[in-house]
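Worksheet: the structure to be examined is printed underneath.
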Amino acid sequence: MAESNTKRPDWDEYMMSIAVGVRARANCLGSHIGSVLARDGHIVSTGYNGTPHNAPNCDEGGCGRCSNRNDYPSGTGYDLCICVHAEQNALLQAARFGIAVEGSILYSTWRPCFGCTKEMLQAGVLGVRYGEDWEPKPDLKEEYERLQSYFPDGVKQVDLPTNVDSHIPCVKS
């Protein structure tokens, strides 16, 4: 039997490459984020950021914040943004179809925010693996890290795969 020159990806690399693929469906005008919920090496749900089910997409004028980016400096206007985060969508899609997420690991192309972190903890997600880092304002960093410390399997940064189509932007607004 011939030996392969290709290294088989470990679970983190494998799931993260799928999260990168999932973010191709994101339609937010500010960012493209993808996430995968996996349990015991099996995908239980995926999510990407964009407008709610049956709402017009961002590129169709669905989100006022996205449609009027010049009116909202980075980090502002979130109270009127209707986009659902990729991590939230993964949790909500699982709930919608009756799929348990307790005991899963979430893979996200971006480190989850405060809100998504709380929701994952409440749903019983064991840990988070993320690609790009995000940090809150310096005065909130300690509280953010404390909240993320409650994941039994931790929060760890892993490299985004380089063998996946890289034309998709990974900027988070």
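The values are calculated or read from the model by the stated rules, or taken from the named source; none is laboratory data. Just so it is clear, the structure is predicted and the values come from calculations on it, not from any experiment. Glycine gets a Cβ as well: all are built from the backbone with ideal geometry, and neighbour counts include every protein chain shown. Side chains are part of the model used for accessible areas, which takes the heavy atoms of the whole protein and leaves out ligands, DNA and RNA. Shrake-Rupley method; radii C 1.70, N 1.55, O 1.52, S 1.80 Å.
May I ask you to list the residues in region 128-168 that are open to solvent by less than 90 Å² (accessible area, probe 1.4 Å), more than 26 Å from W11 (Cβ to Cβ) and modelled with pLDDT under 90?
Selection gives P136 alone.
For every residue, the table says whether it meets (1) modelled with pLDDT of 95 or more; (2) open to solvent by 30 Å² or more (accessible area, probe 1.4 Å); (3) closer than 15 Å to Y107 by Cα.
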| site | (1), (2), (3) |
| --- | --- |
| G30 | no, no, no |
| R39 | yes, yes, yes |
| T46 | yes, yes, yes |
| G50 | no, no, no |
| P56 | no, yes, no |
| G61 | no, yes, no |
| G77 | no, no, no |
| L80 | no, yes, no |
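Inspect region 104-119 for any residue being aliphatic (A, V, I, L, M), at pLDDT 95 or above and in contact with a strand residue (DSSP E or B) (Cβ under 6 Å, 6 or more places away or on another chain) and give the result as yes or no.
Scanning region 104-119 turns up at least one residue that is aliphatic (A, V, I, L, M), at pLDDT 95 or above and in contact with a strand residue (DSSP E or B) (Cβ under 6 Å, 6 or more places away or on another chain).
Please find, among G21, G50, the residue that is closer than 20 Å to G115 by Cβ and of a type outside the set (A, V, I, L, M, F, W, C).
Result of the check over G21, G50: G50.
Anything in region 19-28 that is part of a loop (DSSP other than H, G, I, E, B) and open to solvent by 20 Å² or more (accessible area, probe 1.4 Å)? List them, or say none.
The answer is N27, and nothing else.
Could you please find all residues in region 63-75 being closer than 27 Å to V158 by Cα and open to solvent by 70 Å² or more (accessible area, probe 1.4 Å)?
Listed by number, the list holds a single entry, S74.
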